[in-house]
Amino acid sequence: MKKVQKIQGWALFIILLIIGLLMVYPMIWMLVSSVKSANEILNQPLQLIPRSFHFDNFTNALKAAPFMQWLWNSAWTTVVIVFMQLFFSSLIAYALTQFKFMGRNVLFAIILATYMLPSATTYIPSYVILGKMHLINSLIGLVISNLANVFVIFLLRQSFMSVPKGIIEAARSDGASEWTILWQIVVPMNKNAVLNATLIGFITNFNGYLWPSLLLNDTKKQVISVGLNSFSNTQGAFDQTFPIIMAGTTIAVVPLIIVYVILQKYFVQSSKTSSIKG
Amino acid sequence: MEMKASKRQLLLFVVIPLIPLVVFWIIPLIVSLWLSFTDWNYISPTFDYVGIKNYTQLFASQDFQQAFAHTAYFTFFSVVPIIVFGFLLAVGLNKLKRSYKFIQALLFAPWVTPLIGMSIVWGWIFNSKVGPINQILHILHLPEPQWLTNPTAAMWTIIIVTIWKNAGWAALFFSDALAKIPSSLFEVSDMEGLSWWQKIWYVLIPLVSPTTLFLVIVMILECLQAYDQITVLTQGGPAGSTTTLLYLYYQLGFKQFQMGSATALSIVILVISAILAYISIRMSRKHTYY
Amino acid sequence: MDLIELKRINKQYENKEKVIEDFDLNIKKGDFTVFLGPSGCGKSTLLRMIAGLEKISAGELLINGELQNDLPPKERNIAMVFQNYALYPHMSVEKNMGFGLKMRGIDKQIIKQKVTDAAKILNLTDYLDKFPGNLSGGQQQRVALGRAIVRESEIYLMDEPLSNLDAKLRAVMREEIVTLHKQMAATTIYVTHDQTEAMTMADRIVILNHGDIQQIGTPKEVYQRPQNMFVASFIGIPPMNLIPLKNHDGKYYLENAELSLKDDLGNQPLVFGIRPEDAFVDNAAPLKMKVTYIEDMGADRYVHGLVNGTKFTLRDGSNNDYQVDQEIGVGFTAQQVSFFDQVSTNRVEANLWK
Ligand SMILES: Nc1ncnc2c1ncn2[C@@H]1O[C@H](COP(=O)(O)OP(=O)(O)OP(=O)(O)O)[C@@H](O)[C@H]1O
Ligand SMILES: [Mg+2]
């Protein structure tokens, strides 16, 4: 009986391992192809260990398009967006949980409703509004139009609700201002929720495509997803350009893989609390 | 006791932080609704009110009907496998005695990597001439579909990529829900003599049903808003066979600049989302017994 | 032949120390046996091994003389009531109670009949359509019992089934369970760390500590004749007073008073034990106690104090006033005295003259 269980345990492990490896197969295949020669890919696409390493694919890709600029654009806009979203959302979530004011319930209802709606509905008017502000084709415009994130408000509000009232009252009676209470007591007490919001916000913003692709035109001003797609389109689906496209894609994807591998533990935890992307 | 907020505090904590939400969410939603009753074309400074003409035209147009059908097809055949695979993977994961974390990390990786980049990779993997999938099918002497140029196959390419991206993510939720089931419930079922499939059918599935419902609605909304994989792999083609409602919205609004029709379509997508969200909330009320 | 026989049972969780070692116990048909012991002593482990939920590392479990070690739980004809009820939250009370029968392929009509009958006994008739989430703790508890009853098993196992209830409900349920046990002529093993439950419900109490049996006996036996100092101090609220005796030239002294033993024990070092209710205030007595505090229980009270540094408690029914730090004399009923060996802590049979 014990033996049967052991065999079953191993079989399960191997099946899941195979499925897991299939899930990351596209990433592996991308990495492998990015250092192969065009001929090798065409003749032996299944070969997982390249016969010769062609790192010049990367130098060629970097020469053909400003990948580093794009990564930088994505990185700083994402950091600013996530930071600002957390900042604003913390304030609102604090008000929603700790203040009494007229329209509080209405406000929360609106936030809940917005939470489920497709952001695409807002694109055309947002585009016009940014146009009025002369912020089309500008990374500042991208940042500004992403400052609100209903998901983060919702997540933080749910988390802030669990802070015991007594702690806040004690702080008030100690003479702390609401601002101090929020940043020095409530936010540190909810660092898990804040971490969740940070990671999810980072992933969704860094990987975002549709809205930045509508907003940004100049090659120099692209974020990485948009730049990568236009790079892939301009190189064309020709066999000979294939390695350079894979090299470009690798440049775009690897930063996230690295972040994921380092922060894996937190990602798996935090995604559970995520639901709809902002 | 909650504190009554002063004017200054309200300004700092509510009014200012709400500005971006109002400017880029609330106002655009209202403006969208308003634009959907006009014939604005983005370029000309003037426009006329056309009543519900945008909507009637939209509903009558073949493009819309097709896109609606494609969206329904795409959504159904993505969401069902995502849920089923996600559940099965979670059941497996929770039984796993070793390397749980490692395998979970593998399964979850597709959700983290950028879909644009990975769709480019998938495009080559599905390449009918040199892609590894058809190479393998070739070795196995199986039919080699023209993945990206045959209308049905193209839709399935999109579906497969969508499942790939989300199944591990769904598994994470399911495995969390499964882990929260008290082990004594399984012990009771042992004592009552349930076979393994009876346990799954009578105990596991009903107990994770709130999670299932949640994932179904989130995945439907995700599919309604799917864009990256379509724009990279098929651009809505061939012959419009992978044009979903959202993709049609993009084409109407940002390629053809028919802002009236596009906003009308976006309102339709919004209404569909709202209806689904409402149904899900109603259903989850009925299904939460604990 | 006894209904349940545990022979040299051992249990070791993976890569851990042994929890149960060479455990022997026989349980007669129809007995209400209570496993009593402090938290973590292995009560649940034992019960779960009998149920088949936990593997037996070594030894034999026999039911009706048949070896059970490798039988899956469902083939053991045992019903179990779990500490946390373990009700299916997605099934109504009726479904919960009938589910086990349904899975055994029993006719719907019969299930309905049995569930209705059980619900009547347990006063659950009005709740059959409700879900567990909408029931109080006591009601859920009864559903868990009902689920076990309808199975009509030979053996019922209950793991601290009342631990989540308030004191009043617990008292009511204790009675209900004992009544049910008698009605069904069942054999029940009941786990608890609440000695009141053990004393009031059991035919036989098995007192455990660190996976070892300390004593097996009727409630009266374990109370009056504790087999070792662990049992003496574990049973009884407040527990038995224990004072080491001094020993000079074959004579035993309780503090400065000589105790005259009937039996000759040589120079064996002894501990003297007396329950608080068998001690009383007697200012003429040579044994002196310094009062530290007084616990008023209404009908009577417990006077706590120190006898030459050792804690001592006595029950006092008088209306006298005692002050903290006051020195009072302590007398005791000679027939109720227990003695234990100081080294082995086991009971020593000895009696006082007087
Ligand atoms: N699954 C397990 N794996 C490892 N050790 C365990 C496991 N279950 C119990 N133990 C250990 O076995 C010992 C006995 O546990 P058991 O649950 O039988 O105690 P108990 O007498 O029922 O206690 P309580 O009154 O708290 O329920 C404890 O030391 C516990 O830590
Ligand atoms: Mg226990």
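Simple rule: put +1 on each Lys or Arg Cβ and -1 on each Asp or Glu Cβ in chain C, find the dipole, and look at C:23, C:348, C:189; the Cα lying farthest toward the positive end is C:189. Round to the nearest 0.05 the FRET efficiency obtained for residue A:234 and residue A:56 when R0 = 22 Å and r is the Cβ-Cβ distance. Rounded to the nearest 0.05, the efficiency is 0.70.
What is the Cα convex hull volume of the protein assembly as shown when expressed per residue in Å³?
Details: hull volume 232.2 nm³, N = 922.
Dividing the Cα hull volume of the protein assembly as shown by its residues yields 252 Å³.
When you have a sec, figure out the Kirkwood radius of chain C from all distinct Cα pair distances and drop it here in Å to one decimal? 23.0 Å is the Kirkwood radius here.
Expressed as a whole percent, the proportion of Cα-Cα pairs in chain B lying more than 37 Å apart is 32%.
Relative to the dominant Cα principal axis of chain C, helix C:93-103 is inclined by about 70°.
Relative contact order of chain B, please, whole-number percent, based on alpha carbon pairs below 8 angstrom and at least 6 residues apart. It would help to have the intermediate numbers written out before the result.
Values: 303 pairs, mean separation 84.9, N = 290.
Contact order relative to length: 29 percent.
Using Cα-Cα distances under 8 Å and only pairs 6 or more residues apart, what relative contact order does region C:102-199 have, in percent? Please list the in-between numbers first.
On the way: 56 pairs, mean separation 24.7, N = 98.
That works out to 25 percent.
Among the trypsin sites (Lys or Arg not before Pro) in region C:1-72, those placed in a DSSP loop whose Cβ has at most 16 other Cβ atoms within 10 Å are C:16, C:28, C:29, C:55. Residue A:6 contributes an accessible area of around 150 Å² to the protein surface, as traced by a 1.4 Å probe with all chains present.
When the helices in chain B are scored as -39500 (n - 2.57) per DSSP H run of 4 or longer and the sum is shared across all residues, what 222 nm value do you end up with, to the nearest 500 deg cm²/dmol?
On the way: 14 runs with 188 residues, N = 290.
Computed ellipticity for chain B at 222 nm equals -20500 deg cm²/dmol.
Relative to the longest principal axis of the Cα atoms of chain C, the long axis of helix C:167-183 lies at roughly 60 degrees. Averaging the Cα positions of each part gives two centres, and for region C:70-92 and region A:150-168 these lie 39 Å apart.
For chain C, the residue among C:79, C:226, C:201 whose Cα projects farthest onto the positive side of the dipole built from Cβ charges is C:79. Loop-located chymotrypsin sites (Phe, Trp or Tyr not before Pro) in region A:184-258 (DSSP state other than H, G, I, E, B) with a sparse environment of at most 16 neighbouring Cβ atoms within 10 Å: A:238. Considering helices alone, the calculated mean residue ellipticity of chain C at 222 nm is -7000 deg cm²/dmol, with DSSP H runs of length four and up weighted by -39500 (n - 2.57) and normalised per residue. Among C:293, C:13, C:190, the order of accessible area from largest down is C:293, C:13, C:190, computed with a 1.4 Å probe on protein heavy atoms. For the pair region C:186-206 and region C:278-354, the centres of their Cα atoms are 29 angstrom apart. Cross-link partners for residue A:220 among the lysines, with Cα-Cα distance under 23 Å and sequence neighbours closer than 8 places in the same chain left out: A:63, A:132, B:255. With the charge dipole of region C:219-354 set up from +1 on Lys and Arg Cβ and -1 on Asp and Glu Cβ about the Cα centre, the Cα lying farthest toward the positive end among the listed residues C:267, C:237, C:305 is that of C:267.
With helices as the sole contributors, chain A gives -23000 deg cm²/dmol at 222 nm; each DSSP H run of n ≥ 4 counts as -39500 (n - 2.57), and the sum is divided by every residue.
Could you tell me the relative contact order of chain C? Use alpha-carbon pairs under 8 Å, at least six residues apart, and round to a whole percent.
15
Charging the Cβ of each Asp and Glu at -1 and of each Lys and Arg at +1, and nothing else, the dipole of region C:4-228 about its Cα centre rounds to 500 debye. Helices that extend 18 Å or more along their long axis by alpha-carbon positions and average at least 1.0 on the Kyte-Doolittle scale are, among the DSSP H runs of chain A, A:2-33, A:67-98, A:104-116, A:242-273. The solvent-accessible area of residue C:260, taken with every protein chain present and a 1.4 Å probe, is close to 60 Å². In this structure region C:17-90 gives 39 Å² per residue of accessible area when probed at 1.4 Å with all protein chains present. Site pair residue C:14 and residue B:95 shows an inter-label distance of 1.5 nm when each label is modelled 7 Å from Cα along Cα→Cβ.
The accessible-area ordering, largest first, of the residues C:212, C:278 stands as C:212, C:278, per a 1.4 angstrom probe.
Once you reduce region C:14-41 and region C:217-254 to the center of their Cα atoms, the two points are 24 Å from each other.
What you get for chain A, charging only the Cβ of Lys and Arg (+1) and of Asp and Glu (-1), is a dipole of about 700 debye around the Cα centre.
The longest stretch of chain C left intact once loop-based GluC sites (Glu not before Pro) with at most 13 other Cβ atoms within 10 Å are removed from consideration, loops following DSSP, is C:153-348.
Ratio of alpha-carbon Rg to the 2.2 N^0.38 Å globular estimate for chain A, to two decimals, please.
Values: Rg = 23.6 Å, N = 278, 2.2 N^0.38 = 18.7 Å.
Its radius of gyration relative to the 2.2 N^0.38 Å reference: 1.26.
If C:330, A:79 are ordered by their accessible area, calculated over protein heavy atoms with a 1.4 Å probe, which sequence runs from highest to lowest?
Numbers: C:330 5, A:79 90 Å².
Result of the area sort, largest leading: A:79, C:330.
Once all protein chains are placed together, residue C:103 keeps about 30 Å² accessible to a 1.4 angstrom probe.
The values are calculated or read from the model by the stated rules, or taken from the named source; none is laboratory data. The structure presented is a predicted model; accordingly, all values stated were derived computationally and were not measured. Cβ coordinates were reconstructed from backbone atoms using ideal geometry, including for glycine residues, and neighbour counts include every protein chain displayed. All accessible areas refer to the heavy atoms of the entire protein, side chains included, with ligands and DNA or RNA removed. Shrake-Rupley method; radii C 1.70, N 1.55, O 1.52, S 1.80 Å.
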